[in-house]
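Engineer: Below you will find the structure I want to go over with you.
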Amino acid sequence: MTWKEKMNARAAAVEAALERLIPLPEGYNRPVYEAMRYSCLGGGKRLRGVLTLATAKMGGLDMKQAEPFAAAVEMIHAYSLIHDDLPAMDNDDLRRGKPTCHLAFDEATAILAGDGLLNLAFETILEHSALSAETTLAAMRLLAKCSGCRGMIGGQTADMQAEKVQADAALLDYIHTHKTGDMIEAAAGMGVLISGKTEYMEPVATYARCVGLAFQIVDDILDVVGDSSELGKPAGSDAKNHKSTYVSLYGMEQAKERVEHLTESAQEAVRAFGEEGAFLAELANGLALRTK
Ligand code: GRG
């Protein structure tokens, strides 16, 4: 199997787990489940979930046992996208090629769907983890920290500040590290923790930090050169919103060079880890070259 075939098979496994784990809409709370399923299913690259499956397998765990953790990280990611798209934040119309949640439903339902996915993520791990309480809690602790105020929410908060002041390199670095990078680190780190191979934690964290930053810089590049229909969201929105990005601060050439350098460092960090290390290295390369 090529890495791309592996990626697709694993993304399909994450999708199937989400399909099983997000309740079917019924009863008086039906709209919130409809909105959760609308935004979380049938779209997205499933990068974070696949990272959890891959690092778990790298540490010797059966990937099936990693599925609740992979689904949980994707639920939190989907919640963050729903809330990020709200009128109070980025006020976006298009996400994953479809109208954003607050347009397909309404603003209140979109807020609740995001909240619902956040809670369901932790409930999913608690209900479906087949691992020891200690291991399960270690993974949950990492996920809670990386998605919380010291992590993704912190990065989003700083990002909102950057709409009021021109971001300098330090602020931009904080935003990129926390808004995007921390969830990638949580995804990869949880796989390691649940596999019990804690000696892999440091190299995998290095890998995730490099991939996370490269991923965000590519996002900034695609906002300039990407195609809205391929991206499934509007291109050019950073410039429209006068937002500082890696490209606006350092220029396109330097941004591309940084992506290359970070990708090499990511690959170096996992080089020694056999077949799954090779998969992670190929994945890092695929993300650097992505067009959506
Ligand atoms: C609202 C608390 C809160 C946080 C929002 C993740 C985030 C924080 C905002 C998303 C804004 C954004 C477009 C960031 C750029 C990088 C990024 C996270 C892109 C989306 O991730 P992909 O490309 O999405 O992996 P898919 O749809 O493939 O899952």
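The values are calculated or read from the model by the stated rules, or taken from the named source; none is laboratory data. Because the structure is predicted, anything quoted here is derived from the model rather than measured. A quick note on method: Cβ atoms are made from the backbone with ideal geometry, for glycine too, and the neighbour counts reach across all protein chains shown.
Engineer: Filter region 181-211 down to the residues that are within 20 Å of ALA71 (Cβ to Cβ) and under 12 Å from the mean Cα position of the chain (by Cα) and list them by number.
Structural biologist: ASP182, MET183, ILE184, GLU185, ALA186, ALA187, ALA188, ALA208
Engineer: Sticking with this structure for a sec: Mind listing whichever residues of region 139-171 are assigned to a helix (DSSP H, G or I), more than 13 Å from the ligand (Cβ to nearest atom) and buried (at least 18 other Cβ atoms within 10 Å of the Cβ)?
Structural biologist: Passing the criteria: ALA139, MET140, LEU142, LEU143.
Engineer: So which residues in region 6-34 are among the aliphatic types (A, V, I, L, M) and either in contact (Cβ under 8 Å) with a residue 24 or more places away in the chain or surrounded by 19 or more Cβ atoms within 10 Å (Cβ to Cβ) (or both), if there are any at all?
Structural biologist: Let us first name the residues in region 6-34 that are among the aliphatic types (A, V, I, L, M), namely 7, 9, 11-14, 16-18, 21-22, 24, 32.
Listed by number, the residues that qualify are MET7, ALA11, ALA13, VAL14, ALA17, LEU18, LEU21, ILE22, VAL32.
Engineer: For residues in region 59-73 being aliphatic (A, V, I, L, M) and buried (at least 24 other Cβ atoms within 10 Å of the Cβ), which is nearest to THR198 (Cα to Cα)?
Structural biologist: Residues of region 59-73 that are aliphatic (A, V, I, L, M), as a first pass: 61, 63, 66, 70-73.
Still in the running and buried (at least 24 other Cβ atoms within 10 Å of the Cβ): 66, 70-73.
On the way: ALA66: 15, ALA70: 18, ALA71: 21, ALA72: 21, VAL73: 19 Å.
Per the criteria, the residue is ALA66.
Engineer: Test GLU107 against the stated conditions and say whether it is more than 15 Å from the chain's Cα centre (by Cα) and under 29 Å from SER237 (Cα atoms). Give the steps one after another, and end with the answer.
Structural biologist: Details: more than 15 Å from the chain's Cα centre (by Cα): yes; under 29 Å from SER237 (Cα atoms): yes.
Spelling it out, GLU107 is indeed more than 15 Å from the chain's Cα centre (by Cα) and under 29 Å from SER237 (Cα atoms).
Engineer: Looking for something at pLDDT 95 or above, over 20 Å from the mean Cα position of the chain (by Cα) and either assigned to a loop (DSSP other than H, G, I, E, B) or farther than 16 Å from PHE215 by Cβ (or both) - is there at least one such residue anywhere in region 235-251? It would help to see each step written out before you state the result.
Structural biologist: Taking region 235-251 as the starting set, the residues that turn out to be at pLDDT 95 or above are none.
No.
Engineer: So is ARG209 touching a residue at least 24 places away in the same chain (Cβ under 8 Å), basic (Lys, Arg) and farther than 17 Å from GLU276 by Cα or not? Don't jump to the end; show me each part of the working.
Structural biologist: Numbers: touching a residue at least 24 places away in the same chain (Cβ under 8 Å): yes; basic (Lys, Arg): yes; farther than 17 Å from GLU276 by Cα: yes.
Yes: the conditions hold for ARG209.
Engineer: Which condition does PRO99 not pass, out of (1) surrounded by 18 or more Cβ atoms within 10 Å (Cβ to Cβ); (2) more than 12 Å from the ligand (Cβ to nearest atom), if it passes all the others?
Structural biologist: Tallying (1) surrounded by 18 or more Cβ atoms within 10 Å (Cβ to Cβ); (2) more than 12 Å from the ligand (Cβ to nearest atom), PRO99 fails exactly one: (1).
Engineer: Another question about this same structure. For residues that are touching a residue at least 12 places away in the same chain (Cβ under 8 Å) and either surrounded by fewer than 18 Cβ atoms within 10 Å (Cβ to Cβ) or in contact with a Leu (Cβ under 7 Å, 6 or more places away or on another chain) (or both), tally how many sit in region 186-202.
Structural biologist: To start, the set of residues in region 186-202 that are touching a residue at least 12 places away in the same chain (Cβ under 8 Å) comprises 186-197, 200-201.
Right, trim to either surrounded by fewer than 18 Cβ atoms within 10 Å (Cβ to Cβ) or in contact with a Leu (Cβ under 7 Å, 6 or more places away or on another chain) (or both) and you get 186-191, 193-196, 201.
The qualifying residues number 11.
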